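Here's the structure, in structure tokens; my notes come after.
Since every read-out is calculated from the coordinates, none of them should be taken as a lab result. Quick caveat: nothing in here was measured; it's all calculated off a predicted structure. Every residue, glycine among them, receives a Cβ derived from its backbone with ideal geometry; neighbour counts consider all protein chains shown.
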Amino acid sequence: MAEQAAGGAQRKPLTKFTYMSYAAPAAPLALAGLPLSVYLPVIYADSDGFGLSLTAVGLILMLSRISDVFTDPLIGYQSDRWRTRWGRRKPWVLIGTPIFALGMWLLFVPPFEFSDVSTFGFTFSNGYVWLFGTLTIFFLGATIKDLPFTAWGAELSNNYNERTLIMSWKEVFTVGGALVSAFVPAIILFFGYDKPTEAVFALLVVMCITMPIVNINCLMTVPEWPVAEKKAQRIKIIDGLKVAASNKPFMLLVAVFAAGSIGSAMTNSLSFFFVKHVLVAGELYGLYLAPYFVCQIAAVPLWFKLSRRVGKHKATMWAVGWYALWSSFIPLIAITPGAWYTIFEVTNFIGILPASTQASAVEYFEGIGTGKFLFFIVIMCLKGSAIGALSALPLSMFADVLDVDTAQTGKRRAGEFMAIWSMTRKGAYAFGTFIGLALVEFWGFDALADPRDTNNTAFALLMLACTYSVIPAIFKFIGMPLLWIYPLTEDKLRDVQGVIGGQVPTPPAVGH
């Protein structure tokens with residue numbers, strides 16, 4: 001059944017092809033996301049990369065986000081007000097894509113070797129300057145492209161559950177792209193390419209090929225509904241921010257998502273160091289990511305069904321609890337002896353292979369703690385099954401809180417709200433990356449140490465494990481009481497949409 005658009009025009013029903021076309025650009029974006037969130041600290045601060053300081057890299061990541069304080073509100077505000085024959089959001093996506101790709105390429109494939117320079121009596125690597133400059137270009141392109149794109153998705157449907165379906169499809173493609181990005185390092189591993197720099201180069205090539213294709217298809221086939229607002233008078237940026245701050249469901253959601261982003265950043269930035277130095281299996285890192293992302297995809301339909309039954313906010317609470325439960329087991333891997341994990345050794349599972357293949361496998365895995373590594377994969381698959389819900393459900397809830405604002409102001413301000421959402425998420429993620437990297441150095445962890453002949457103490461490795469798993473879970477756990485009091489249920493949203501459609505004379509109170 002067709003929906004009634006804001007201006008009275010009939011919207012055509014969304015088809016599965018529309019869902020997929022809108023969601024598909026998330027796949028190459030995820031290809032870029034893995035290098036940025038996981039491999040960036042490794043490439044710039046690991047012994048196999050550029051060998052810069054972990055803490056300094058984390059600090060630059062945080063400082064490079066300062067530009068978002070200016071660009072996010074500006075682009076969100078302007079994308080709400082643009083009126084072109086192609087729509088409000090599509091031109092921004094088109095412009096931002098090449099800037100995004102250029103920044104990404106320069107960030108990971110610098111055209112020169114880093115060296116020390118001296119300025120004002122200080123000597124430092126010019127890699128720090130390059131990192132800051134290319135990150136700024138990359139983040140600018142990401143803001144221009146992604147902020148209007150997500151606002152566009154939030155406006156595709158007015159239906160409470162269909163919004164979850166749209167974001168679930170987006171999450172499937174996101175995890176699908178992440179899955180490809182996980183398999184690429186695993187595949188090239190068997191060709192002798194096991195360094196993070198080699199894996200990232202392969203991922204960038206795949207991203208640059210696929211991104212233009214899926215983005216053009218999205219721009220050409222996915223509708224952007226005409227916007228008709230009840231009030232023609234524009235709201236100034238400062239006044240708009242004040243109204244947004246009075247939107248309790250939105251502010252609760254921002255707080256939940258910000259705390260969760262801090263935890264995610266800590267986990268992502270430390271995952272390679274955990275596998276390399278605690279599990280002593282850095283060569284197998286690419287093999288761990290693939291099953292982890294498969295479990296994310298497999299669990300998305302289950303979380304979608306749960307959200308239909310108990311509501312999005314309660315389903316998100318369950319996901320947080322599930323994530324925290326399995327995170328608590330990870331430090332145990334660091335402090336328990338390897339002999340406990342003999343049953344998980346790879347050699348126990350290759351008996352069906354030809355004798356020559358078995359011999360090659362035994363030789364390849366010689367000296368690698370595959371028992372702990374496989375047990376770690378099992379735990380991560382259980383933990384990772386919650387990630388899809390923690391990504392898709394908050395974005396679907398974000399689309400709902402926009403209706404509360406429209407009922408109050410008569411305006412369609414997805415771009416401005418997305419700017420606040422994006423700026424908070426980016427800042428929280430950058431802060432989490434810095435805190436995670438700085439903490440493990442504070443505990444005495446040396447990222448440049450040889451993992452097999454290490455000078456890292458048992459305490460340093462244990463705290464690396466805790467900073468990688470338990471502390472991030474605590475940050476995500478902060479959101480549970482906020483989700484418990486989250487007021488915007490499906491019934492209340494129906495009342496809010498009645499106000500927008502003129503069926504209810506005054507806006508219903510939603511947590512004010």
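Quote the FRET efficiency, to the nearest 0.05, computed for ASP453 versus LEU94 with a Förster distance R0 of 45 Å and r equal to the Cβ-Cβ distance.
0.30
Over segment 98-168, how many percent of alpha carbon pairs lie in each 5 Å bin up to the one with the longest distance?
3, 14, 16, 13, 11, 11, 9, 7, 5, 4, 3, 2, 0
Through the Karplus equation 6.51 cos²θ - 1.76 cosθ + 1.60, θ set to phi - 60°, convert the phi angles of segment 82-95 into ³J(HN,Hα) values in whole Hz; use x for Gly and Pro.
5, 10, 10, 5, 9, x, 8, 9, 4, x, 5, 4, 5, 6
Tell me the net charge near LEU165. Cut-off is 13 Å between Cβ atoms, LEU165 excluded, with +1 for each Lys or Arg and -1 for each Asp or Glu. Present the calculation step by step, with values, prior to reporting the outcome.
Working: positive: LYS16, ARG163, LYS170, LYS305, ARG308, LYS312; negative: GLU162, GLU171.
In short, +4.
Using a cut-off of 14 Å between beta-carbons, work out the net charge of the residues near GLY33 (Lys and Arg +1, Asp and Glu -1, GLY33 not included).
Result for the neighbourhood of GLY33: +2.
Mind pulling the angle between the C-alpha long axis of helix 387-409 and the longest principal axis of the chain? Nearest 10 degrees, somewhere in 0 to 90.
That works out to roughly 20 degrees.
Just want the ordering: ASP491, ASP446, ASP400, from fewest to most Cβ atoms lying within 10 Å of their own Cβ.
ASP491, ASP446, ASP400
What Rg and what Dmax come out for segment 259-336 when only alpha-carbon atoms are used, in angstroms?
Computed over the Cα atoms of segment 259-336, radius of gyration and Dmax are 14.9, 43 Å.
Expressed as an acute angle from 0 to 90° and rounded to the nearest 10, what is the orientation of the C-alpha long axis of helix 196-221 relative to the principal long axis of the chain?
That works out to roughly 20 degrees.
Over segment 18-89, what relative contact order in percent results from Cα pairs under 8 Å that are six or more residues apart?
Numbers: 23 pairs, mean separation 8.9, N = 72.
Here the relative contact order equals 12 percent.
Residue separation times 0.36 nm, minus the C-alpha to C-alpha distance between LEU462 and GLU490: what's the value? The partial results should precede the final answer.
Numbers: separation 28, 0.36 × 28 = 10.08 nm, distance 4.39 nm.
Extra length available between LEU462 and GLU490 comes to 5.7 nm.
I'd like the orientation of helix 160-189 relative to the chain: the angle between its Cα long axis and the longest Cα principal axis, in ° from 0 to 90, rounded to 10.
20
Could you please rank ASP80, ASP146, placing first whichever residue has the fewest other Cβ atoms within 10 Å of its Cβ?
Values: ASP80 25, ASP146 21.
Least to most surrounded, the residues fall as ASP146, ASP80.
Please compute the net charge surrounding GLY127, taking Lys and Arg as +1 and Asp and Glu as -1 over other residues with Cβ under 15 Å from its Cβ.
Taking every Cβ under 15 Å from that of GLY127, the sum is -4.
Measure off 7 Å from each Cα along the Cα-to-Cβ vector at VAL378 and THR119, then give the distance between these two points in nanometres to one decimal.
5.2
Scan the chain and hand back the longest stretch that contains none of the GluC sites (Glu not before Pro) lying in DSSP loops with at most 11 other Cβ atoms within 10 Å.
114-365
State to the nearest 20 debye the size of the charge dipole of the chain about its Cα centre, where the only charges are +1 on K and R beta carbons and -1 on D and E beta carbons.
For this selection, approximately 2360 debye.
Just one of (1) 44, 26, 21; (2) 40, 25, 22; (3) 54, 23, 20 is semi-axes √(5λ) of the Cα gyration tensor in Å calculated from these coordinates, so which is it?
Here the calculated entry is (2).
Give me, ordered by chain and number, the residues 5 or more places off VAL117 or on other chains with an amide H under 5 Å from its own placed amide H.
PHE124, SER125, ASN126
So which chymotrypsin sites (Phe, Trp or Tyr not before Pro) in segment 249-314 end up in coil per DSSP with only 16 or fewer other C-beta atoms within 10 Å?
none
Sum -39500 (n - 2.57) across every DSSP H segment of at least 4 residues in the chain, then divide by the residue count to get the 222 nm mean residue ellipticity, nearest 500. Walk me through the intermediate numbers first.
Details: 22 runs with 347 residues, N = 512.
About -22500 deg cm²/dmol.
Can you list, by residue number, the Cys in the chain that have no neighbouring cysteine C-beta under 4.7 Å?
So, CYS208, CYS218, CYS466.
Starting from the 7 Å offset along Cα-to-Cβ, what nm value, one decimal, do you get for the label separation of THR221 and LEU106?
3.3
Give or take rounding to whole Å, what are the principal axis extents of the alpha carbon atoms in segment 1-141, in descending order?
The Cα atoms of segment 1-141 stretch 67, 30, 24 Å along the principal axes, largest first.
From the phi of every residue in segment 455-465, what ³J(HN,Hα) in whole Hz does the Karplus formula 6.51 cos²θ - 1.76 cosθ + 1.60 yield, where θ is phi - 60° and glycine or proline is x?
Result, ordered by residue: 9, 6, 6, 4, 5, 4, 5, 5, 5, 4, 5 Hz.
Of all the Cα-Cα pairs you can form in segment 424-481, what percent are over 19 Å apart?
So the portion of pairs separated by more than 19 Å is 37 percent.
Taking every pair of Cα atoms in segment 94-225, average 1/r, invert it to obtain the Kirkwood radius, and report Rg/Rh to two decimals. Each step should come with its number before you reach the end.
On the way: Rg = 18.8 Å, Rh = 17.5 Å.
When Rh is taken as the Kirkwood radius, the ratio is 1.07.
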